[in-house]
1. Exactly one of these conditions fails for Arg116: (1) surrounded by fewer than 17 Cβ atoms within 10 Å (Cβ to Cβ); (2) out of contact with any strand residue (DSSP E or B) (no Cβ under 8 Å at 6 or more places or on another chain); (3) modelled with pLDDT of 85 or more; (4) in a helix (DSSP H, G or I). Give me its number.
2. Among the residues in the stretch 139-155, are any in a loop (DSSP other than H, G, I, E, B), at pLDDT below 70, touching a Ser or Thr at 6+ places or on another chain (Cβ under 9 Å) and closer than 19 Å to Gln30 by Cα?
3. Need pairs with beta-carbon distance below 7 Å; first residue at positive phi and within the stretch 25-51, second among the hydrophobic types (A, V, I, L, M, F, W, C) and surrounded by fewer than 20 Cβ atoms within 10 Å (Cβ to Cβ); sequence gap 6+ or separate chains.
4. For the stretch 81-113: of the residues being in a strand (DSSP E or B) and of a type in the set (A, V, I, L, M), which is modelled with the highest pLDDT?
5. Exactly one condition in (1) of a type in the set (D, E, K, R); (2) over 13 Å from the mean Cα position of the chain (by Cα); (3) surrounded by fewer than 17 Cβ atoms within 10 Å (Cβ to Cβ) is not met by Glu70; state its number.
6. Could you list all residues from the stretch 46-67 that are in contact with a Leu (Cβ under 8 Å, 6 or more places away or on another chain) and of a type in the set (Val, Ile, Thr)?
7. Tell me, which residue of the stretch 56-67 that is touching a residue at least 40 places away in the same chain (Cβ under 8 Å) and surrounded by fewer than 24 Cβ atoms within 10 Å (Cβ to Cβ) is nearest to Val82 (Cα to Cα)?
Amino acid sequence: MARKAETFGCAVSLLLLAAGRGARFGGPKQFERYGPGRHSLMEYVISDGLRHAIGKVVCVIRKGQLAAAEEVLSGAWEHLPVEFIFQSGEDGPNGVPIPSAIAHSPGTAHAVFAARDAIGGPFVVANGDDLYGPAAWDALLDAVGAGCERPTNGGHLPARSDA
């Protein structure tokens, strides 16, 4: 686990699932940089979330991915708390380990379970390698973010020196 942080602005957290291995892609695509700004898919997801009142990011990764995740996300948005959680096959409900046949990729429900202590209220779950669009974010935050003020200038992608 990296730093523990308070929620910024709205109390809705973004649970960002980024523990994938990217077997078909040839590596974890959530950390790859794309386009003229050289931003990762995770940065695009967070940017969309910020435009729709996300107040904190809880990023679920595998052991061995922390350096890549920190390189992509740490300090990108100074005002946005980001906490990294490790998803491990050893951490099952009631202390029961995940069966070895699926321990390498325990899934979404297990990722939510792994992040249980970092999520302190309402949250939305998004994959770190998918883009959803504004309508999906509006629907999600209308459902879980009642009373959250939508920012008018948040969510801008950070400038990259290597772009």
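1. Only one criterion in (1) surrounded by fewer than 17 Cβ atoms within 10 Å (Cβ to Cβ); (2) out of contact with any strand residue (DSSP E or B) (no Cβ under 8 Å at 6 or more places or on another chain); (3) modelled with pLDDT of 85 or more; (4) in a helix (DSSP H, G or I) is unmet by Arg116, namely (4).
2. Start the filter on the stretch 139-155 by keeping residues that are in a loop (DSSP other than H, G, I, E, B), which leaves 145-155.
When the remaining residues are screened for being at pLDDT below 70, the result is 145-155.
After this cut, where a residue has to be touching a Ser or Thr at 6+ places or on another chain (Cβ under 9 Å) as well, the list is 154-155.
Subset that is closer than 19 Å to Gln30 by Cα: 155.
Yes; the residues of the stretch 139-155 include at least one that is in a loop (DSSP other than H, G, I, E, B), at pLDDT below 70, touching a Ser or Thr at 6+ places or on another chain (Cβ under 9 Å) and closer than 19 Å to Gln30 by Cα.
3. From residues that are at positive phi, the pairs are Arg38/Ala163.
4. The initial filter retains those residues of the stretch 81-113 that are in a strand (DSSP E or B), namely 82-86.
Restricting the remaining residues to those that are of a type in the set (A, V, I, L, M) gives 82, 85.
Numbers: Val82: 89, Ile85: 92.
Within the stretch 81-113, the match that is modelled with the highest pLDDT is Ile85.
5. The one condition Glu70 does not meet is (2).
6. Matches in the stretch 46-67: Ile46, Ile54, Val57, Val58, Val60.
7. Once the filter is applied, the top-ranked residue is Leu66.
Yes/no per residue for (1) aliphatic (A, V, I, L, M); (2) modelled with pLDDT under 80; (3) closer than 22 Å to Gly133 by Cβ:
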residue: Ala18; (1), (2), (3): yes, no, yes
residue: Arg21; (1), (2), (3): no, yes, no
residue: Leu50; (1), (2), (3): yes, no, yes
residue: Leu66; (1), (2), (3): yes, no, no
residue: Glu71; (1), (2), (3): no, no, no
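The values are calculated or read from the model by the stated rules, or taken from the named source; none is laboratory data. Just so we're clear, the structure is a prediction, and the values are computed from it rather than from any experiment. Glycine gets a Cβ as well: all are built from the backbone with ideal geometry, and neighbour counts include every protein chain shown.
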